[in-house]
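The values are calculated or read from the model by the stated rules, or taken from the named source; none is laboratory data. Computed from a predicted model, the values in this text were never measured in an experiment. Virtual Cβ from ideal backbone geometry, glycine too; neighbours counted across all protein chains shown. The area values use the complete protein model at the heavy-atom level, side chains included, leaving out ligands, DNA and RNA. Shrake-Rupley method; radii C 1.70, N 1.55, O 1.52, S 1.80 Å.
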Amino acid sequence: MYGGTHGKIDLAIEYQAQIPILRPSIRARRANITVKFQDLYGFTVEGNVDDVNVLNEVREKVREQGRVWWSLEASKGVNWYLQTQSSTTLKFSVLVNGITLKRLIRKGIPPSLRPKVWFSLSGAAKKKSTVPESYYKDLTSAVQDKVTPATKQIDHDLPRTFPGHPWLDTPEGHATLRRVLVGYSFRDSDVGYCQGLNYVAALLLLVMKTEEDAFWMLAVLLEDVLVNDCYTNNLSGCHVEQRVFKDLLTKKCPRIAAHLEAMEFDVSLVCTEWFLCLFSKSLPSETTLRVWDVLFYEGAKALFNVALAIFKMNEEELLMAHHIGDVINIIQRTTHHLFDPDELLTVAFDKIGFMTTTTISKERKKQEPAVLAELDQRLRRLNSVNEDDK
Amino acid sequence: MASSGNKNINSKLVLLGDSGAGKSSLVLRFVKGQFIEFQESTIGAAFFSQTVAVNDTTVKFEIWDTAGQERYHSLAPMYYRGAAAAVIVYDITNQESFERAKNWVRELQAQGNSNTVMALAGNKADLIDARKVPEEATQTYAQENGLFFMETSAKTATNVNELFYEIAKRLPRLQPAPNPSGMVLVDNQSPSERAASASCCS
Ligand SMILES: Nc1nc2c(ncn2[C@@H]2O[C@H](COP(=O)(O)OP(=O)(O)OP(=O)(O)O)[C@@H](O)[C@H]2O)c(=O)[nH]1
Ligand SMILES: [Mg+2]
């Protein structure tokens, strides 16, 4: 355990796993052979030789992106991207930087810069700066021995969060994840703990390296980035997002939407997990984090773009599917093998077309009353069922 | 009807029950014949399929393995709507999980679809020393509520294939017609032999 110091998690270097360099000439013929290897963040991935080659290319692209970011720091100053945020100044250079930054982020933040860039651009730094320096330390030490329904569920889920991961699945990994989740459950007792947050927090830990920063990223995500009440009580926010998503699918991918509807396939069946785990259980790690790059800068609408893209990419195949199992198969095969983040993000942001945060907010407002009414009605029916029985 | 040869039917099956009761483990055992000590917690739901042969009929179960945490309850109707079968799972070492199982039974009964085959699975039967929910009382409860009841262990595989096979047998479309033209369900093969090859899609 790394005790009360809340220092850096020393994990990255150790398991910056080596992807085997395969000689395509020999192996290409055996492309259907599955190999197991560790990805950039230590997750075990199963894929074929093509997947390995894609991952190697992705690594090269990540390195290139790194060079782009470093040279920008050199020419514009170390924290140049922070200036794009000050809304009071309307200087031309600020505007230009803003456009550059958006484009740059969609192309990916290099893993080494991610902690710093996420922390400032998401608003986490600001959130942290409004409380005393010792907030996190005080919070976690004050609550570490408390037992609540939330802590019970958290304890139950620690070994069930990315089991087998070389750092998360160690006593130290469990203890760290526990402090973050338990700490948050006391910060916001309406949320407490919702299953799904364990995966999100775990991935935040792997990226941010310091648990305190991971905690603040979780806080900003739940309090400012995502739709309200995504994880509370009856997941009403998540229900709202599902409805908004269905409408968007009808608008942006009308053929798919009509086909699935004719099959009586409710897209929420597959999308719920995406919106609750923010793709961390569905997409390969670097692809997930590329989605989060955009999420933390542009907001929760990015999740809609990505979800729409996953359907869009499979349009022809989906239109030929006639069984629920086939639809799910197509979707899962795609998500699990999206090792090239650009393949997904290009569709998500270039092909799906523009959606503003204002449009999405309006859509949410429109859906909210219906969701609340439905949930309320269901609750009353349930209560009367249970009453009758007593 | 009896001589109509092979039939294939698709049946939607949903698993409901408390978090940690072992829903995913039961499905994994049934579909892939495996058990994993630390099974990832399910978010939303996961989909699997597996076929079971009952006499001349092949039943393809389309299985929805749902998330167990209380607040996921509000998502459940989407998964159990139109299900031909529901397996309600509790953990025999955890009384609370049994109370939640009873709530699920009530909720499904209130849906008013009497065609849904309902099964109650008391899982983790291998942990006999830690038992909190007595078997006999549960059997009585199950009978009173028209549930098919079995204690299972995803860990040791006890009664897992049997559970799904018994459900398949009870599906309305496999029941003899009210005026049977000679069709009898003969059970001369062990259930585990009948659980046919896996066709999981994960
Ligand atoms: N001893 C024993 N342990 C079991 C058995 N079935 C499941 N478990 C354990 O119980 C834990 C929870 O099992 P899951 O299958 O993930 O439970 P679940 O109902 O799917 O839980 P949620 O996905 O959170 O709703 C796992 O870590 C298993 O190792 C069993 O038959 N015997
Ligand atoms: Mg599960």
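Some points to look at:
- Distance from segment B:94-133 to segment A:155-179 (C-alpha centre basis), Å: 30 Å
- Within the accessible area of the protein assembly as shown (1.4 Å probe), percent carbon and sulfur: 51 percent
- Residues losing 40 Å² or more accessible surface upon assembly, segment A:235-279, compared with the chain by itself, 1.4 Å: A:235, A:269, A:272
- Springs between Cα atoms under 10 Å define the GNM used for chain A, and in it the highest mean-square fluctuation of A:361, A:185, A:129 occurs at A:129.
- The mean count of C-beta atoms from other chains within 10 Å of the C-beta of residues in B:69-81, rounded to a whole number, is 6.
- Note on segment A:110-239: Kirkwood radius taken over Cα pairs, Stokes-Einstein applied at 20 °C and 1.002 mPa s, translational D equal to 143 µm² s⁻¹.
- Note on segment A:95-220: Lys pairs 8 or more places apart or on different chains, Cα atoms under 15 Å apart, count 5.
- FRET E, pair residue A:376, residue A:152, Förster distance 30 Å, beta-carbon r, rounded to 0.05: 0.60
- In this simple spin-label approximation, residue A:56 and residue A:322 carry label points 7 Å from Cα along the Cα→Cβ vector, and these lie 4.3 nm apart.
- Positive-end residue, chain A charge dipole about Cα centroid, Cβ charges, pick of A:158, A:319, A:174: A:319
- Segments A:172-181, A:374-383, A:133-142 sorted - mean Cβ within 10 Å per residue, highest first: A:172-181, A:133-142, A:374-383
- GNM remark for chain A: springs join alpha carbons under 10 Å apart, and the peak mean-square fluctuation among A:105, A:324, A:154 falls on A:324.
- Extension gain (nm, one decimal) between residue B:115 and residue B:131, 0.36 nm per residue minus Cα-Cα: 2.5 nm
- Taking every residue in B:44-51 and counting other chain Cβ atoms within 10 Å of its Cβ, the average works out to 5.
- Residue with peak Gaussian network fluctuation, chain A [Cα springs, cutoff 10 Å], from A:325, A:108, A:98: A:325
- Taking 0.36 nm per residue of separation and subtracting the current Cα-Cα distance, fully stretching the chain between residue A:346 and residue A:74 would add 95.1 nm.
- Spacing of the two label points (7 Å from each Cα toward its C-beta) at residue A:264 and residue A:251, in nm: 2.9 nm
- For segment A:178-199, the residues whose backbone nitrogen is under 12 Å from a point 7 Å from the Cα of residue B:70, taken along Cα to Cβ, are A:192-193.
- Nearest-20 debye value, the protein assembly as shown charge dipole, Cβ charges on Lys, Arg, Asp, Glu: 1560 debye
- Of the peptides B:29-37, B:163-171, the order by per-residue mean of other Cβ atoms within 10 Å, starting with the highest, comes out as B:163-171, B:29-37.
- Nearest-0.05 FRET efficiency for residue B:9 and residue A:233, computed from C-beta distance (R0 35 Å): 0.35
- Just so you know, the Cα atoms of the protein assembly as shown work out to an Rg and Dmax of 25.4, 87 Å.
- Gain in span if fully extended, residue A:383 to residue A:361, counting 0.36 nm per residue against the direct Cα distance: 4.7 nm
- Residues residue A:82 and residue A:224, FRET efficiency given R0 of 22 Å [Cβ-Cβ distance, rounded to 0.05]: 0.80
- Here, P(r) means the percent of Cα pairs in each 5 Å bin from 0 to the largest distance; for segment B:45-113 it is 3, 13, 22, 24, 17, 12, 6, 2, 0.
- Nitroxide proxy distance, nm - points 7 Å out along Cα→Cβ at residue A:188 and residue B:34: 3.4 nm
- Per residue, the protein assembly as shown exposes 44 Å² of accessible surface when a 1.4 Å probe is rolled over the protein heavy atoms with every protein chain present.
- Inter-chain shielding of B:103-112 (mean C-beta neighbours from other protein chains, 10 Å cut-off): 3
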